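Right, one structure below, let's go through it.
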Amino acid sequence: MKQVTVLSGKGGTGKTTITGCFAALADRPVLADCDVDASNLHLILNPKIMETIEFKGLNLAEIDPEKCTMCGLCMQLCRFNAIHDYAVDPIHCEGCKVCVVNCPAEAISFNERVCGYAYLSETVYGPMSHARLTPGMENSGKLVTLVRQNAAKLAEETGRELVLVDGPPGIGCPVIASLSNVDAAVAVVEPTLSGIHDLKRALQLLEHFEIVPSVIVNKYDLNVENTASIRGFCEEQGIPVLGMIPFDENVTKAMVQAKPVVVFSPESPASLAIREAWDGFGSFLGL
Amino acid sequence: MKIVVASGKGGTGKTSIAVNLALSVGAKQVMDCDVEEPNVHIFLKPENPRRKPVELLVPEIDEEKCTHCRRCAEFCQYNALFVVGETAMVFPELCHSCGGCKLVCPEGAITEKPRQIGTITVAESRGMGLVYGELNVGEALTVPVISAVKEQAEDDGLVILDAAPGAACPLVETVHGADFCLMVTEPTPFGLHDLQVATEVVRQLGVPLGVAVNFAGIGDRGVYRFCEREGMPVIMEIPYDRRIAELYSRGIPFTAEMTEWRGRFRELLETVEAMIA
């Protein structure tokens with residue numbers, strides 16, 4: 001089984017558009033949406049949810065006002081500034097348990113909390129693992145790990161050889177979780193100075209975790225000088241540029257119709273370029 | 001007054017709006033709270049930058065004193081400590097720095113030492129204060145770097161904070177304590193979905209909000225219908241304009257060349273001030 005992650009560093013560069021198209025172009029893939037707090041892949045793949053799993057993140061401390069003697073020790077010890085007026089603020093509590101074990105009155109309980117849901121679904125392109133983190137919750141990395149585990153399980157059960165992972169933006173905890181044990185990654189970049197800055201940090205992250213990198217330039221015609229500089233940089237670093245996708249209004253039209261653009265308008269400029277990138281990706285992966 | 005510019009979906013124009021708003025109204029400070037991929041400093045060149053490390057206290061175990069009783073490992077909720085046989089190990093990148101292991105160790109074998117996870121840069125740019133944070137590549141915990149950025153905020157004057165995309169803990173940390181949150185979105189199904197989850201977070205925090213629709217003219221009407229239904233005012237619209245996109249690609253705030261927009265941003269601030277008054 002091969003697992004590959006589509007990432008970008010910068011948000012909104014076209015990760016999900018490209019993952020959705022790759023889902024439609026791949027031979028029997030399993031899909032995993034690892035952007036658990038602002039997930040979008042389901043909006044173009046229309047999964048039918050077959051199983052819902054409760055996701056429990058870190059526990060939450062709760063103070064029983066009946067038992068609390070207002071000694072204030074918990075407020076002194078909490079390093080997350082999560083206790084005010086002898087009550088725990090659930091938004092800031094990181095579930096460390098320090099207050100629970102140190103309360104002299106044993107007034108603080110430590111309770112499980114549901115922080116989201118993981119889903120096992122079916123799409124017309126293959127099984128899909130995805131999730132929804134309750135807005136504002138911590139631990140999206142842990143939920144991403146659950147999505148990854150579910151995807152691997154789906155691949156095993158259905159005898160599929162490829163897991164396509166749609167990654168979250170950034171380089172922090174959920175991104176790291178979406179990269180663990182993958183065979184390769186493709187970074188999607190737009191030819192803007194911000195995009196280039198963020199691409200470099202994303203590529204450094206791949207290097208840090210020793211993951212084979214590749215690049216796709218989206219909306220390459222927005223600034224051809226920047227595109228040339230991305231290509232030059234990638235060539236210098238020995239990173240393959242798998243595709244160059246032009247700006248194309250059909251991408252947004254396809255999104256509105258809830259379809260991957262390669263399905264909505266297969267002959268549009270973006271679709272042709274994405275198909276070419278997919279072919280390049282296939283040989284890059286040795287599929 | 002602290003105004004956060006946020007969005008669920010990435011790439012909707014948060015940084016562009018934060019920077020152009022700040023320049024048009026002459027903000028006191030601009031703070032980039034997207035510490036994973038900060039971009040404000042590409043548009044506002046930092047002058048006189050001072051860099052400061054962001055450190056977390058992580059445990060260090062004195063092997064002489066450690067009896068391998070495992071209390072610390074059993075206590076740690078983040079699996080940052082591991083005791084096997086006669087060896088105790090610390091995984092510092094998993095540590096949230098709660099200090100609990102030190103408190104539960106019966107032998108006094110645990111001390112804490114600082115470990116750098118990122119940097120903040122304090123600078124000036126075009127007469128404004130500029131602060132941005134950078135999480136070290138390979139580090140997972142963004143929240144301590146965001147709070148280090150926010151610690152530099154001035155108490156008075158207009159402070160504009162640029163948030164990271166998403167609707168998880170980085171957004172909570174950035175919006176907490178703000179006076180207003182400007183939610184930037186694009187009028188597409190992706191933009192709508194992520195606006196819904198991000199506004200849920202901002203509402204939980206009790207911070208008043210308004211919506212800015214960027215790339216207006218593309219996509220569909222879903223975002224507008226949602227805003228109307230939820231009673232969330234759309235207080236700015238920026239059309240999809242290739243010129244804006246090209247200036248952005250070169251790292252130029254678009255109000256520098258499209259000066260007619262400066263007045264629009266000043267009106268935006270007046271609208272925000274009226275909303276929170």
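The values are calculated or read from the model by the stated rules, or taken from the named source; none is laboratory data. For clarity, every value in this text was computed on a predicted model and none was experimentally measured. Cβ atoms come from the backbone with ideal geometry, glycine included; neighbour counts cover every protein chain shown.
The residues of the range A:120-137 that are within 14 Å of chain B (Cβ to nearest Cβ), on the phi < 0 side of the Ramachandran plot and surrounded by fewer than 24 Cβ atoms within 10 Å (Cβ to Cβ), listed by number, are A:R132, A:T134, A:P135. Kindly indicate whether B:V172 is closer than 20 Å to A:C115 by Cα, facing chain A (nearest Cβ under 8 Å) and of a type outside the set (F, W, Y). When the stated conditions are applied, B:V172 passes them. Could you please tell me which pairs satisfy a Cβ distance under 7 Å, a separation of 6+ or placement on different chains, a first residue in the range B:245-267 that is more than 9 Å from chain A (Cβ to nearest Cβ), and a second residue that is among the β-branched types (V, I, T)? Matching pairs, first to second residue: B:P253/B:V19; B:F254/B:I244; B:W261/B:T255; B:R262/B:T255; B:F265/B:V25; B:F265/B:T255; B:R266/B:V25. Applying the criterion of being assigned to a strand (DSSP E or B) and farther than 19 Å from B:G157 by Cβ to the residues of the range B:121-142, the residue that is nearest to the chain's Cα centre (by Cα) is B:G133. At least 2 residues being under 19 Å from the mean Cα position of the chain (by Cα) and more than 28 Å from B:E134 (Cα to Cα) is the threshold, and among the strands (runs of 3 or more DSSP E) wholly inside the range A:1-93 those reaching it are A:2-7, A:29-33, A:48-56. Before we move on, is B:K65 within 14 Å of chain A (Cβ to nearest Cβ) and surrounded by fewer than 17 Cβ atoms within 10 Å (Cβ to Cβ)? For B:K65, the condition - within 14 Å of chain A (Cβ to nearest Cβ) and surrounded by fewer than 17 Cβ atoms within 10 Å (Cβ to Cβ) - is not met.
Considering A:A254, A:A270, A:A277, the condition of being in contact with an Asp or Glu (Cβ under 7 Å, 6 or more places away or on another chain), under 20 Å from A:A26 (Cα atoms) and in a helix (DSSP H, G or I) is satisfied by A:A270 alone. Within the range B:33-53, residues that are more than 8 Å from every other protein chain (Cβ to nearest Cβ) sit with their Cβ atoms under 6 Å from residues that are surrounded by fewer than 13 Cβ atoms within 10 Å (Cβ to Cβ) and assigned to a strand (DSSP E or B), at 6+ positions apart or across chains, in these pairs: B:P53/B:Q116.
Of the residues making up the range A:43-98, those that are of a type in the set (A, V, I, L, M), farther than 30 Å from A:A32 by Cα and touching a Ser or Thr at 6+ places or on another chain (Cβ under 9 Å) are A:A61, A:I63. The residues on offer are B:I117, B:I146, and the sole one that is in a helix (DSSP H, G or I), surrounded by 22 or more Cβ atoms within 10 Å (Cβ to Cβ) and within 12 Å of chain A (Cβ to nearest Cβ) is B:I146. Residues in the range B:176-212 that are in contact with a Pro (Cβ under 8 Å, 6 or more places away or on another chain) and within 20 Å of B:A22 (Cβ to Cβ): B:D179, B:F180, B:C181, B:G210, B:V211.
Of B:E36, B:E74, B:E60, all but one fail to be assigned to a strand (DSSP E or B) and among the acidic types (D, E); the exception is B:E60. Scan A:A38, A:A26 and give me the residue that is more than 14 Å from chain B (Cβ to nearest Cβ) and among the aliphatic types (A, V, I, L, M). Going through A:A38, A:A26 in turn, the sole match is A:A26. Residue selection: B:R203 satisfies the criterion of being in the same structural domain as B:A168 (by TED's automatic domain parsing), closer than 20 Å to B:T271 by Cβ and either in contact with a strand residue (DSSP E or B) (Cβ under 9 Å, 6 or more places away or on another chain) or surrounded by fewer than 20 Cβ atoms within 10 Å (Cβ to Cβ) (or both). Cβ-Cβ contacts under 8 Å between residues 6 or more apart (or on different chains), taken from a first residue in the range A:42-62 that is within 11 Å of another protein chain (Cβ to nearest Cβ) and under 13 Å from A:R113 (Cα atoms) to a second residue that is among the acidic types (D, E) and buried (at least 21 other Cβ atoms within 10 Å of the Cβ), are listed as A:G57/A:E138; A:L58/A:E94; A:L58/A:E138.
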